[in-house]
Amino acid sequence: MGEMQEIQGSVQPDSYNPSEVESKWKNLWTERHTNVPDIKGAKNPYYALMMFPYPSAEGLHVGNMFAFTGNDIHARYQRLQGKDVFEPLGYDAFGIHSENYALKVGMHPADLIPKNIANFRRQLERAGLMVDWTRSLSTTDPDYYRWTQWVFLQLYKQGLAYKKKGAVNWCPFDKTVLANEQVENGLCERCGTKVEQRFLEQWFFEISKYAPRLLENLDRLDWSETTKAAQRNWIGRSNGAEIDFRLATKVDGEDDYRSIRVFTTRPDTILGVTYMVLAPEHPLVDSIATAEQRLAVDNYREEAKKKDLIARKVNKEKTGVFTGAYAINPATGKHVPIWISDYVLMEYGTGAIMAVPGHDERDGEFAETFGLPIVVLTDEEMESAPKVGVDVVNYRLHDWCISRQRYWGPPIPIIYCDDCGPVPVPENQLPVLLPPIDDFKPDDSGVSPLARHEEWYITPCPNCGKQGRRETDVSDTFLDSAWYFLRYPSVGIDDKPFDPEITKRWLPVDTYIGGNEHAVLHLLYSRFITMVLKDGGHIEFDEPFTKFRAHGLIIREGAKMSKSKGNVVNPDEYIDEWGADSFRTYLMFLGPFEEGGDFRDQGISGVRRFLDRLWSSVLNCEHTGEPDADVIRKLHQTIKKAGDDTAKLSYNTAIAAMMEYMNVVRKGERKSHAKEIAPLVQLVAPFAPHIAEELWERMGNSESVFNSTWPTYDPASLTEDSVEIAVQVNGKMRGKISVSAGVQQDEAYSAAIAVPGIAKFVTGEPKKVVFVPGRLLSIVV
RNA sequence: GCUCGAAUGGUGGAACCGGUAGACACGAGGGACUUAAAAUCCCUUUGCCGCAAGGCAGUGCGAGUUCGAGUCUCGCUUCGAGCACCA
């Protein structure tokens with residue numbers, strides 16, 4: 001063996017071989033249960049959570065890897081701080097995405113998903129995450145979705161789940177309804193198909209009731225500001241007033257005058273009202289339309305119903321029709337005509353507005369189109385406007401439509417009975433299993449494929465025992481993911497969704513990391529469900545994630561990665577070539593974690609070089625004699641810098657600090673001392689855990705490096721004895737002086753003008769001298 | 001239109017509270033080692049002028065505050081993200 005290496009020459013007997021080191025430690029971690037915390041007895045529990053992935057057939061994406069690694073580093077860092085860290089990971093495997101893919105490749109999702117999960121698991125394990133694999137889950141496990149159905153029932157019990165026929169977003173491609181949050185610019189978020197409006201009976205969660213709380217709590221959450229801003233935007237609070245406009249004539253056959261209530265944010269402009277507009281669907285339209293206008297009104301309402309949402313939103317030309325009726329402005333007593341138009345939305349406010357064309361752009365356009373009068377008010381008129389309204393607050397947040405006319409999801413646990421009406425499935429009869437049907441392809445009927453299976457949906461009413469009918473819609477995937485963080489610590493407990501003692505110990509989640517694309521979907525829904533469970537007495541906190549950080553996106557060659565551009569990075573290739581430790585560290589080094597960055601193939605070599613140097617420095621270090629005092633000083637500075645930066649997820653600068661230290665340690669090809677290099681192994685450990693374990697072991701430690709304690713620094717070492725002070729004359733850099741650290745202004749000044757290059761700019765007595773100790777001397781002449 | 005971000009060498013990116021702009025890394029150039037290459041190690045690397053010492057300019061653009069501005073204020077430009085006929 002030795003002879004062979006002698007012949008090959010280039011092969012060092014003990015050079016760094018990532019794949020060897022990594023597979024060794026992967027196995028040891030599993031054997032020793034290194035990553036399994038004591039769920040019931042942990043003294044310093046720390047829950048480090050990462051948004052779970054959808055297990056796609058393509059396998060893990062670098063974006064996922066980037067995010068998981070960032071979370072893993074945080075988790076490992078917290079562990080080195082002495083915390084009992086729980087880092088779980090599972091799969092968000094229900095939903096349209098999985099189902100569409102299964103349809104495309106002609107497989108059943110129930111067969112496809114386990115394959116995808118196995119591939120994900122393989123890739124995730126290669127990444128060296130500190131994940132507790134004994135507590136994983138998939139939302140498609142009956143053991144899991146049983147409790148998703150339980151969550152539905154809690155909302156139902158608390159009066160927050162209701163069924164309503166109404167205008168909903170229908171995706172003609174995915175053949176299902178969508179939540180408002182899943183519609184982007186009138187297009188389906190998943191497939192980009194134009195969304196149509198349909199009138200269907202659907203299950204809703206009354207999230208709108210929680211709008212004030214969802215908004216107010218944001219102020220006390222330690223979350224990325226961008227995420228909070230997106231939620232505030234989405235919840236959309238606006239302060240205004242509701243004002244009643246009485247009709248000028250009575251509705252036929254009624255004794256009293258009816259009135260129309262409007263919402264406005266500008267009650268001070270009431271003197272400028274020249275007409276009113278109702279949404280076409282407004283319930284009063286039928287009764288107030290006059291005989292002459294009836295036909296025109298009906299036609300317009302039919303047109304509005306047909307018009308797809310995108311036409312309404314993109315083509316903002318104003319259309320409308322006069323109802324023939326008039327109302328009385330409560331502030332002036334004047335009669336104003338009542339129109340209907342689809343620029344007024346039934347879902348917002350009261351579905352009716354007072355139009356002030358002189359002070360509202362949209363009203364102005366409408367008035368111009370139809371030749372209605374435009375009144376521009378003076379400031380005095382607005383200030384002296386009579387108060388005829390009641391102050392109200394409106395939110396844009398709509399209720400969450402959770403029914404999906406699809407197959408691949410948890411069936412909604414409701415049974416319809418002719419006598420008893422909708423009856424919730426008793427909790428002890430959960431789960432309502434999703435039947436293994438083959439014809440799961442959705443159709444245009446507006447009902448789920450499950451509705452084709454009488455043998456499944458015909459079932460006795462839990463109340464009276466007569467023949468009933470199951471709800472055939474399944475619930476939205478976002479319900480699966482709105483509570484999964486509650487389940488992880490209690491995985492394996494089969495008589496309740498989450499154990500109260502365990503939940504008390506581990507939740508809320510200490511840090512949550514994920515993509516900002518979920519700011520108004522998953523993150524809002526999770527907060528809502530948490531509040532509901534708190535109000536139902538199931539948990540003791542009403543915010544699920546104490547701290548949330550949105551990670552950035554990885555791009556390549558300045559563009560988003562996509563298959564069509566051919567610039568997708570497959571993590572496997574890079575791990576094969578460079579090792580997981582180098583790959584992880586490179587991902588964290590390429591840019592700020594919360595911003596992301598550009599993935600460049602060549603960049604990874606620098607990180608690998610760093611690990612190679614670390615390897616050889618540790619293996620060749622001196623164990624006798626004393627370490628260099630200057631190096632030790634730099635070490636303390638590095639411990640502080642790398643520690644502070646790692647703690648605040650500023651991973652790229654933490655790595656830079658370690659590299660800088662490495663350069664100091666090896667300066668001029670010197671041999672490092674064990675005391676100089678050992679703490680660096682610990683600093684590197686969260687980033688490159690395998691090599692850190694290996695080196696830690698080779699340094700004579702028998703325990704995992706992750707059971708060691710983060711090195712401490714001596715604050716006295718942070719300041720240098722002598723410092724370089726910058727000297728400016730009239731604001732321009734003119735030179736530097738080297739002085740002892742505690743030097744005062746006079747002394748610094750004398751030292752400065754003793755330098756000819758500085759003195760030549762200082763002519764005569766200075767007008768002013770500014771001295772920043774240890775940094776700078778500024779002379780004004 | 002509204003709400004957030006961002007803009008710094010050839011490239012990715014650093015810069016605490018307003019205090020030496022360009023840390024760290026890639027790339028490039030030069031050198032050492034080698035029969036050679038790879039690997040490794042060392043040096044140089046914002047631009048311009050200069051043999052040098054040194055000087056001038058410089059953080060998207062234009063003003064301002066300040067002894068001093070990448071950083072603060074005002075006014076723009078461009079790019080990215082979210083929301084959008086929400087009264």
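Here the condition is being touching a Phe, Trp or Tyr at 6+ places or on another chain (Cβ under 8 Å), open to solvent by less than 50 Å² (accessible area, probe 1.4 Å), modelled with pLDDT under 95 and among the polar types (S, T, N, Q); of A:Ser448, A:Ser490, it holds for A:Ser448 alone. Restricting attention to segment A:73-85, does a residue exist that is touching a Pro at 6+ places or on another chain (Cβ under 8 Å), open to solvent by 10 Å² or more (accessible area, probe 1.4 Å) and part of a loop (DSSP other than H, G, I, E, B)? Yes; the residues of segment A:73-85 include at least one that is touching a Pro at 6+ places or on another chain (Cβ under 8 Å), open to solvent by 10 Å² or more (accessible area, probe 1.4 Å) and part of a loop (DSSP other than H, G, I, E, B).
The residue of segment A:601-623 that is farthest from A:Gly668 (Cα to Cα), among those that are charged (D, E, K, R) and free of Cβ contacts under 8 Å to residues at least 12 places away in the same chain, is A:Asp601. Residues that are without any contact (Cβ under 8 Å) to a residue 24 or more places away in the chain and more than 16 Å from RNA strand B (Cβ to nearest atom) within segment A:708-738 comprise just one, A:Ala716. For segment A:636-656, the set of residues classified as open to solvent by 10 Å² or more (accessible area, probe 1.4 Å), in a helix (DSSP H, G or I) and either within 15 Å of RNA strand B (Cβ to nearest atom) or more than 30 Å from A:His551 (Cα to Cα) (or both) consists of A:Gln637, A:Lys640, A:Lys641, A:Asp644, A:Ala647, A:Asn652, A:Thr653, A:Ala656, listed by residue number. Just to verify a result, which residue in segment A:757-768, among those that are near RNA strand B (Cβ under 9 Å from one of its atoms) and not in a loop (DSSP other than H, G, I, E, B), is surrounded by the most Cβ atoms within 10 Å (Cβ to Cβ)? So the residue we want is A:Ile758. Residue count for segment A:678-710 under the criterion of being outside any helix (DSSP H, G or I), surrounded by 21 or more Cβ atoms within 10 Å (Cβ to Cβ) and not hydrophobic (A, V, I, L, M, F, W, C): the result is 1. Candidates in segment A:711-756 are the residues that are in contact with a Ser or Thr (Cβ under 9 Å, 6 or more places away or on another chain), within 19 Å of A:His636 (Cβ to Cβ) and not aliphatic (A, V, I, L, M); of these, the one that is most open to solvent (accessible area, probe 1.4 Å) is A:Asp721.
Could you tell me whether A:Gln123 is open to solvent by 10 Å² or more (accessible area, probe 1.4 Å) and not basic (Lys, Arg)? It is false that A:Gln123 is open to solvent by 10 Å² or more (accessible area, probe 1.4 Å) and not basic (Lys, Arg). In summary, A:Gly349 fulfils each of the numbered conditions (1) within 30 Å of the chain's Cα centre (by Cα); (2) on the phi < 0 side of the Ramachandran plot; (3) of a type in the set (Gly, Ala, Ser) with the single exception of condition (2). The residue of segment A:659-672 that is surrounded by the most Cβ atoms within 10 Å (Cβ to Cβ), among those that are of a type in the set (A, V, I, L, M) and within 8 Å of RNA strand B (Cβ to nearest atom), is A:Met662.
Does segment A:523-562 hold any residues that are among the small types (Gly, Ala, Ser), open to solvent by 50 Å² or more (accessible area, probe 1.4 Å) and at pLDDT below 95, and which are they? Within segment A:523-562, just A:Gly558 meets the criteria.
Considering segment A:496-522, and only residues there that are in contact (Cβ under 8 Å) with a residue 40 or more places away in the chain, within 16 Å of RNA strand B (Cβ to nearest atom) and in a helix (DSSP H, G or I), the residue that is surrounded by the most Cβ atoms within 10 Å (Cβ to Cβ) turns out to be A:His522. Selection of segment A:185-237 for residues being of a type in the set (S, T, N, Q), within 16 Å of RNA strand B (Cβ to nearest atom) and closer than 21 Å to A:Ala167 by Cβ yields A:Asn185, A:Gln197, A:Ser208. Can you spot a residue in segment A:147-156 that is open to solvent by 50 Å² or more (accessible area, probe 1.4 Å), modelled with pLDDT of 90 or more and in a helix (DSSP H, G or I)? Checked segment A:147-156: at least one residue is open to solvent by 50 Å² or more (accessible area, probe 1.4 Å), modelled with pLDDT of 90 or more and in a helix (DSSP H, G or I). The residue pairs whose first member lies in segment A:186-199 and is more than 18 Å from A:Lys305 (Cα to Cα), whose second member is of a type in the set (Phe, Trp, Tyr), and whose beta carbons are closer than 9 Å, counting only pairs six or more residues apart or on different chains, are A:Cys188/A:Phe173; A:Arg190/A:Phe173; A:Cys191/A:Phe173; A:Gly192/A:Phe173; A:Thr193/A:Phe173.
In segment A:315-400, counting only strands (runs of 3 or more DSSP E) that sit wholly within it, the ones holding 1 or more residues that are charged (D, E, K, R), within 15 Å of RNA strand B (Cβ to nearest atom) and exposed (fewer than 14 other Cβ atoms within 10 Å of the Cβ) span A:390-395. Remark: A:Lys675 matches the filter, which requires a residue to be outside any loop (DSSP other than H, G, I, E, B), open to solvent by 40 Å² or more (accessible area, probe 1.4 Å), more than 26 Å from A:Thr69 (Cα to Cα) and more than 15 Å from RNA strand B (Cβ to nearest atom). When every residue of segment A:431-440 is checked against the conditions, at least one turns out to be assigned to a loop (DSSP other than H, G, I, E, B), open to solvent by less than 60 Å² (accessible area, probe 1.4 Å) and more than 20 Å from A:Arg146 (Cβ to Cβ).
Working carefully through the options A:Gln602, A:Gln682, find the one that is modelled with pLDDT under 95 and within 34 Å of the chain's Cα centre (by Cα).
Going through A:Gln602, A:Gln682 in turn, the sole match is A:Gln602.
Checking each residue in segment A:98-124 for being within 16 Å of A:Glu22 (Cβ to Cβ) and more than 24 Å from the chain's Cα centre (by Cα) picks out only A:Arg122.
For segment A:656-679, taking the residues that are out of contact with any Cys (no Cβ under 8 Å at 6 or more places or on another chain) and acidic (Asp, Glu), the one that is modelled with the lowest pLDDT is identified as A:Glu669.
Set side by side, the residues A:Ala110, A:Ala118, A:Ala127, A:Ala93 differ, and just one is of a type in the set (A, V, I, L, M) and without any contact (Cβ under 8 Å) to a residue 40 or more places away in the chain, which is A:Ala118. Within segment A:439-474, count every residue that is of a type in the set (Ser, Thr, Tyr) and in contact with a Lys or Arg (Cβ under 7 Å, 6 or more places away or on another chain). So the answer is 3. Would it be correct to say that A:Ala289 is within 11 Å of RNA strand B (Cβ to nearest atom) and either touching a helix residue (DSSP H, G or I) at 6+ places or on another chain (Cβ under 7 Å) or more than 22 Å from A:Ser384 (Cα to Cα) (or both)? So A:Ala289 fails the test.
Among the residues of segment A:127-139, which ones are under 25 Å from the mean Cα position of the chain (by Cα) and of a type outside the set (Phe, Trp, Tyr)?
Correct list: A:Ala127, A:Gly128, A:Leu129, A:Met130, A:Val131, A:Asp132, A:Arg135, A:Ser136, A:Leu137, A:Ser138, A:Thr139.
Once segment A:221-267 is narrowed to residues that are more than 30 Å from A:Ala550 (Cβ to Cβ) and of a type in the set (Lys, Arg), the residue that is most open to solvent (accessible area, probe 1.4 Å) is A:Arg261. Taken together, the criteria exclude A:Ser617 from residues that are hydroxyl-bearing (Ser, Thr, Tyr) and within 7 Å of RNA strand B (Cβ to nearest atom).
The values are calculated or read from the model by the stated rules, or taken from the named source; none is laboratory data. Quick caveat, the model's predicted, so the values are computed rather than measured. Backbone-built Cβ (ideal geometry, glycine too); neighbour counts: all protein chains shown. Areas reflect the complete protein model, heavy atoms only, side chains present, ligands, DNA and RNA absent. Shrake-Rupley method; radii C 1.70, N 1.55, O 1.52, S 1.80 Å.
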